Amino acid sequence: GNSLPRQIFYRKHFKPIQRLVFYLGLLSAIYGQILSQTFFYIFFRNSAHSLSTLTLLMKVFSVYILFLSINGPFEALVYSTFNDKGVNSSSRQLCVLSVAHIAGLSVLTYMYGVLGLLYANIITYCFRINLCIKYVREYFSLKWIEVLSFLFDIPRKIFMAIIFTTLFMILAQSLFIIDSEPILQCIKLMAVCGICAVINIYTIYEYDPLIYLLLKSREL
């Protein structure tokens, strides 16, 4: 019935923003894993805090940003389509999830400290994303196998560019050993990552029509 008009509206008005936010979260997670140690080595190597602890915090935080970038637009879409019944149902689900989140937060914070806070939020976002995906499947009348491709159908050239640049940065990271190398080696790694970032941004702008049209519309 209303499935096709809903899908057309989603692709035209919502999906470009969702796609852009997802790219930002994905690249944040990738570059966070590769550059965290380099960043703290350059700027905080004389700090009283443990560099390994700071690096781990930054890496986990970058993953948290990825889940945040997925959940935020999805919940915005879901809440914008709710009727009174949907609002009441969602409120009950979020109340239960909030209680579980507080319990998990208490346990994980006790076990892992600040890291536990990030772990708890990531786990909670996984549940919230799952609820959103279930609702999207029903709202757009999709089969389970269609949901992920409907939400995350990244153009192949962009996907391949992200894969190859990530592998290249990992290779560079293995060659530029930070622990025993001078600042110059860290700068080299940052330069490699900078080049890869330019490649990623260019391919996203050039080969994703949704992002291209979104940015062009903001220029008008």
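The values are calculated or read from the model by the stated rules, or taken from the named source; none is laboratory data. Not measured: the values here are computed from a predicted model. Cβ placement follows ideal geometry from the backbone for every residue including glycine, while neighbour counts extend to all protein chains displayed.
Listed by position, the helices (runs of 4 or more DSSP H) enclosed by the stretch 100-205 that each have at least 1 residues that are among the aliphatic types (A, V, I, L, M) and within 22 Å of residue 61 (Cβ to Cβ) are 114-139, 156-175.
For the stretch 138-174, the set of residues classified as of a type in the set (Lys, Arg) and within 27 Å of residue 192 (Cα to Cα) consists of 156, 157, listed by residue number. Inclusion of residue 213 among residues that are at pLDDT below 90 and over 21 Å from residue 51 (Cβ atoms) is warranted.
Taking each residue of the stretch 154-174 that is surrounded by 17 or more Cβ atoms within 10 Å (Cβ to Cβ) and looking for partners that are among the hydroxyl-bearing types (Ser, Thr, Tyr) and assigned to a helix (DSSP H, G or I) with beta-carbon atoms closer than 7 Å, six or more apart or interchain, yields 155/207; 158/203; 158/207; 161/203.
The condition of being at pLDDT below 90 and over 28 Å from residue 151 (Cα atoms) holds for only one of 106, 89, 50, 80, that being 50.
Name every residue in the stretch 112-147 that is basic (Lys, Arg) and exposed (fewer than 15 other Cβ atoms within 10 Å of the Cβ), in order of residue number.
Once the filter is applied, which keeps residues that are basic (Lys, Arg) and exposed (fewer than 15 other Cβ atoms within 10 Å of the Cβ), the stretch 112-147 yields 134, 143.
Residue 10 fulfils the conditions (1) crowded, with 18+ Cβ neighbours inside 10 Å; (2) modelled with pLDDT of 80 or more except for a single criterion, (2). Hey, among the residues in the stretch 41-96 that are among the β-branched types (Val, Ile, Thr) and without any contact (Cβ under 8 Å) to a residue 24 or more places away in the chain, which one's surrounded by the most Cβ atoms within 10 Å (Cβ to Cβ)? Within the stretch 41-96, the match that is surrounded by the most Cβ atoms within 10 Å (Cβ to Cβ) is 55.
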